[in-house]
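Worksheet for the structure shown next.
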Ligand code: 13P
Ligand code: SF4
């Protein structure tokens, strides 16, 4: 897929994007009460990503659910006894929950919430790419469809990608990596592995700019820079800490710095600020005008999750994630491989779970 085709596909998906409405305090309180009652009545638990609305994160914590990165979301959902998982995040997170837990009902506030990495890696093109390189071990990022996972040997998230690729490289394996080219390049450099990269990117992280960051650092030399590895190399190269959302949150509490420049979705500020209330957080500079992303530094699809559609999904049950059974079984193998690997290595992640 060319970059232009990729952008057109992403724009088509963005056309359906509808940000959750802003709620008054009393509206939010009322919705929270009603959701709590539904969760209990339906034996359901809420599993939310750090980029979602703080109101959803609070609700997950208040009801014994989980707020975490994508690896821990997958683990938590599998280990929790509830018969329904309500996944607040983006589509691949709901699909991952279904692949791992076919017996559970998986609901999402909206099934329209996708991810530009998923959109930019259509399964048929991806399969053809893999077929052209049969000598390579196929490693895909979790931000992909069930169909793409079904063609992979391994699934990874940003919490464990380096360890898994490092392990494969040590065993002499050559890697075909998809879809995020920035994360792939970062791992290629850190592990030295032989990696062939798919040309995909995250529209949110893609907009962080190295030059703007340089200026900001010059203005505040004491600030530490935190970057998610989906950011482009000129940003990652300037970072003091590079890693998954959970690793970046942990860094804010651990490092002595008072100020942090953060190159990832600003939804993460809620948890950072909760854990380190006296620290100052500054969003890393983006391209601003003319950027692909409609709401820079905030994922437009994560923003589709709100209390209103979460309640509606519980009431109607119509935003249920389904994965075709044969595809599910195929996708389970590389996903389970990741979970087994991280359990063996005891790769712990930070969430409230
Ligand atoms: P994490 O696995 O680090 O939470 O990242 C998920 C994601 O979509 C980042 O954009
Ligand atoms: Fe996908 Fe980027 Fe949104 Fe994460 S922030 S879900 S990678 S589009």
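Which of the helices (runs of 4 or more DSSP H) contained wholly in the range 237-322 include at least 1 residues that are under 26 Å from residue 156 (Cβ atoms), under 17 Å from the mean Cα position of the chain (by Cα) and not assigned by TED's automatic domain parsing to the domain that holds residue 146? Let's see the steps before the verdict.
On the way: elements: 245-254, 269-275, 307-316.
Those helices (runs of 4 or more DSSP H) span 245-254, 269-275.
With respect to residue 306, determine if the residue is in contact (Cβ under 8 Å) with a residue 12 or more places away in the chain and out of contact with any helix residue (DSSP H, G or I) (no Cβ under 9 Å at 6 or more places or on another chain). Walk me through how you get there before you give the answer.
On the way: in contact (Cβ under 8 Å) with a residue 12 or more places away in the chain: yes; out of contact with any helix residue (DSSP H, G or I) (no Cβ under 9 Å at 6 or more places or on another chain): no.
No, not satisfied.
With the condition kept exactly as written, say whether any residue in the range 164-176 is within 16 Å of ligand 1 (Cβ to nearest atom), in contact with a helix residue (DSSP H, G or I) (Cβ under 7 Å, 6 or more places away or on another chain), in a loop (DSSP other than H, G, I, E, B) and modelled with pLDDT of 95 or more. Talk me through it step by step, then tell me what you get.
Pass one, the range 164-176, residues within 16 Å of ligand 1 (Cβ to nearest atom): 164-165.
Narrowing further to those that are in contact with a helix residue (DSSP H, G or I) (Cβ under 7 Å, 6 or more places away or on another chain): 164-165.
The next check asks that each one be in a loop (DSSP other than H, G, I, E, B); those that pass are none.
No: the range 164-176 contains no residue that is within 16 Å of ligand 1 (Cβ to nearest atom), in contact with a helix residue (DSSP H, G or I) (Cβ under 7 Å, 6 or more places away or on another chain), in a loop (DSSP other than H, G, I, E, B) and modelled with pLDDT of 95 or more.
Would you please name the residue that is farthest from residue 23 (Cα to Cα), looking only at residues in the range 52-90 that are in a loop (DSSP other than H, G, I, E, B) and within 16 Å of ligand 2 (Cβ to nearest atom)?
Here is the first cut: in the range 52-90, the residues in a loop (DSSP other than H, G, I, E, B) are 52-53, 63-65, 69, 80-83, 89-90.
Restricting the remaining residues to those that are within 16 Å of ligand 2 (Cβ to nearest atom) gives 52-53, 69, 89-90.
On the way: 52: 15, 53: 11, 69: 25, 89: 19, 90: 21 Å.
Out of the qualifying residues, it is 69.
If we scan the range 104-111, do we find a residue that is touching a helix residue (DSSP H, G or I) at 6+ places or on another chain (Cβ under 8 Å), buried (at least 24 other Cβ atoms within 10 Å of the Cβ) and not in a loop (DSSP other than H, G, I, E, B)?
Yes, that holds for at least one residue.
Within the range 115-154, which residues are within 13 Å of ligand 2 (Cβ to nearest atom) and either at pLDDT below 95 or in a helix (DSSP H, G or I) (or both)?
Correct list: 116, 117, 118, 119.
Within the range 129-141, is even one residue within 13 Å of ligand 1 (Cβ to nearest atom), within 25 Å of residue 164 (Cα to Cα) and assigned by TED's automatic domain parsing to the domain that holds residue 155? Let's see the steps before the verdict.
Narrowing the range 129-141 to residues within 13 Å of ligand 1 (Cβ to nearest atom): 141.
Cutting the leftovers down to within 25 Å of residue 164 (Cα to Cα) gives us 141.
When the remaining residues are screened for being assigned by TED's automatic domain parsing to the domain that holds residue 155, the result is 141.
Yes - at least one qualifying residue is present in the range 129-141.
If a residue must be surrounded by 20 or more Cβ atoms within 10 Å (Cβ to Cβ) and over 16 Å from residue 135 (Cβ atoms), how many such residues does the range 163-177 contain?
Qualifying residue count for the region: 2.
The values are calculated or read from the model by the stated rules, or taken from the named source; none is laboratory data. If you're wondering where the values come from, they're calculated on a predicted model, not measured in any experiment. Virtual Cβ from ideal backbone geometry, glycine too; neighbours counted across all protein chains shown.
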